[in-house]
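Right, one structure below, let's go through it.
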Amino acid sequence: MTLTRSSRIDNVIFAGIIFLLVFAPLAFGSVHVWAYSLVEFGVFLLLLLWFVDGLILSRTEPLVWVKTPLNLFAVLLLAFIGLQLIPLPPAVVGLISPQTHADKQQLHAILAQTAEANLNGLPWMTLTHYAHATQVEWLKLGTYVGMFFLVVNTLKSKRRIDLLVDGLIFLGLFEALYAIYQVFTDTPKVWWWQSRVGRARYASGTFIVSNHFAAYMGMMISLTFGFMVAQKQRSKRLVSGLGGVKGFAQKIVNGFSPESSQAKTIVIFFTGIVMTVSLLMSASRGGIISLGMAMFFAAVLLLIKKTLRIYAIITLGFCLIALLYALYLGIDPTLKKFERSEHGLEKRMITTRSMLPMLTDYPVAGVGWGNFRYLYPRYVPSGWDGVSSSGYSHNDWVEAGTETGFPGLAVICSAILIYLYSMTRLWRQRRNVHALGLGIGAMAGLLAISFHSYVDFNMHIPANPLTLAAILGIGYAALHHQGYGVSQSFFYRQRKLNLNCWKRIIGFSLVLAIFNMAIFWSIRHLMAEAACPTEWNSTMNLNWDPSLEEIDRAIGYNSGNAEYSHKKAQRLMALK
């Protein structure tokens, strides 16, 4: 069949989704500027193609997109963070966030004392303390929201859903095997980079840190388990009335016949076992416990469905087999790390408690998205180092609260709870095993990383929230899918906009301006960092002592990054 222009673009978008979901974890979790900039560019470009298709190429059709429980909360969070970047009158900032107003008033007083300052009165100010950091993290957040939107609106058939899930599971298997190889090799590496897991013997896959690898594997294991449930089908005997040895032999033949799903189920089951072994070898206490809690939730849901109760028992057997196999291979470092769990948990709880006053000082608007690392030093207890070398705390939840205040934290928590509630409610009504399996896999994956993020900063590793966004989209699409072949359809609600020619032109112009600005910011940041690196990057041989010309070039690309001016000042002082 000849493809139309619309279907060609749709296929390009689907291929782009797969590429980005594979690239993000393989590129060291996309923690470095070159990796997450490529991911941002890719997602924004795919979104632009989607709007080109809907607004320009499909001129006689309305613009249609899927209405999900997360849409409103995603728009609210993006708009709230965008508000943090808008300059406001000092009186307005003082009304919204008195502490932010006091901080910037103090800064203004310091700048007014410099010899070359010519400051008359308080200028307009933003709610965020450092706009550059907020812009960088805002683009990342927009990338995750965009990935969810693309997945939900591109998975238009069961075949596409299964293709995307197959790709993610295959990638998860590669990560697991690579991680197990790291544990047993004499010189463990992540690609060309000498891995830090060598002395401790912790598996990390293609991630820099084993805990972040564990968070990724927790989602992959949940999705794999759900996909295994989705393969369940009623067995069909070729000849009725057979019993005894003949009946048993016919079941075996039928189970492994080409039209049966049982052979695939067995492969998926043992793939999940390998993934779970790699998770245990990561020695991530939070990752292991969080997956256990997510699997318990899945087992409880499976008990509701009479036809799926056997999988509740398989869930427990799944974890037991993985544990026994891991003990056979050797997880002594993991067991020793659990022996020190009380001390490690105490350190993280002290850090969390020290962050709470920061949340109460900036309750309405927070300190600014991405600004935690710059304000937290005020609140660090004497003689205590509670922040990792990356600048993030080991608690994504409280850190998000300090950066967006109670309103932003409420939006984030509400989005997760509403998604789980709507998915669970629909899950109980469905009988299709494909929908039930992938639905429960998506919910378990969300719970696994949500629990783990209370004791780590997994949501600041771009590959993890990007993959989570895709899994949430897969679960939502699968749970709303019905029928087979040409009769298949999706019964979720949609938004439709009937647009005339002028409205399409205006809408496309607005969309083009927004995504051009986002892509421009992303590329500008990448080029500035290439000239004068300031972000941590342990895997590339970068010039951390750039010349004045390189620093000036970076400032020309992105003058909002204050670290470039700081480096220039240091260089000038060294030159006297």
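The values are calculated or read from the model by the stated rules, or taken from the named source; none is laboratory data. These figures come from a predicted structure and were not determined experimentally. In this analysis, Cβ positions are derived from the backbone assuming ideal geometry, glycine residues included, and neighbour counts consider all displayed protein chains. Calculation scope for accessible area: heavy atoms of the full protein, side chains included, ligands and nucleic acids excluded. Shrake-Rupley method; radii C 1.70, N 1.55, O 1.52, S 1.80 Å.
Placing +1 on the Cβ of each Lys and Arg and -1 on the Cβ of each Asp and Glu in the chain, which of TRP369, PHE515, PRO62 has its Cα farthest towards the positive end of the resulting dipole? Towards the positive end, the residue furthest out is PRO62. If Lys and Arg each add +1 and Asp and Glu each add -1, what is the summed charge of the other residues whose beta carbon sits under 14 Å from the beta carbon of ASN537? Around ASN537, the surrounding residues sum to -3.
Based on the convex hull around the alpha carbon atoms, segment 530-576 presents an average projected area of 3.2 nm². Computed per residue of the chain from DSSP H runs no shorter than four, each worth -39500 (n - 2.57), the mean residue ellipticity at 222 nm is -22500 deg cm²/dmol. All other residues whose Cβ lies under 12 angstrom from that of ALA312 are scored, Lys and Arg at +1 and Asp and Glu at -1, for a net of +3. Each peptide in 504-511, 64-71 receives the mean, over its residues, of other Cβ atoms within 10 Å, and ordering these scores from highest gives 64-71, 504-511. Of the solvent-accessible surface of the chain, computed with a 1.4 Å probe over protein heavy atoms with every protein chain present, carbon and sulfur atoms account for 65 percent. Of the three principal axes defined by the Cα atoms of segment 475-556, the extents in descending order read 64, 38, 18 Å. Among the listed values (1) 191; (2) 155; (3) 183, the one matching volume of the Cα convex hull per residue in Å³ as calculated from this structure is (1).
Highest average first, the peptides 154-160, 187-193, 43-49 ordered by how many other beta carbon atoms sit within 10 Å of their residues are 43-49, 154-160, 187-193. A Cβ-based charge dipole, computed about the Cα centre of the chain with Lys and Arg at +1 and Asp and Glu at -1, lands at about 2520 debye. Per-peptide packing, taken as the mean over residues of other Cβ atoms within 10 Å, places 11-18, 459-466, 493-500 in the sequence 459-466, 11-18, 493-500 from highest down.
Using a probe of 1.4 angstrom and keeping all protein chains present, the accessible surface of the chain works out to 48 square angstrom per residue.
Return one number: the angle in degrees, 0 to 90 and rounded to the nearest 10, between the long axis of the Cα atoms of helix 98-112 and the longest principal axis of the Cα atoms of the chain. For helix 98-112, the angle is close to 40 degrees. In the chain, the longest principal axis of the Cα atoms and the axis of helix 131-154 are about 20 degrees apart. Think of the chain as having a plus end and a minus end, set by charges on the Cβ of Lys, Arg, Asp and Glu; of HIS480, THR128, TRP544, HIS480 sits farthest toward the positive end of this dipole. A simple count of charges around ALA35, restricted to other residues whose Cβ falls under 15 Å of its Cβ and scoring Lys, Arg +1 and Asp, Glu -1, yields -2. Given R₀ = 35 Å, what would the calculated FRET efficiency be for THR360 paired with ARG425, taking r from the Cβ atoms and rounding to 0.05? After rounding to 0.05, the efficiency reads 0.50. The C-alpha atoms of the chain define a longest principal axis, and helix 562-575 lies at about 50 degrees to it.
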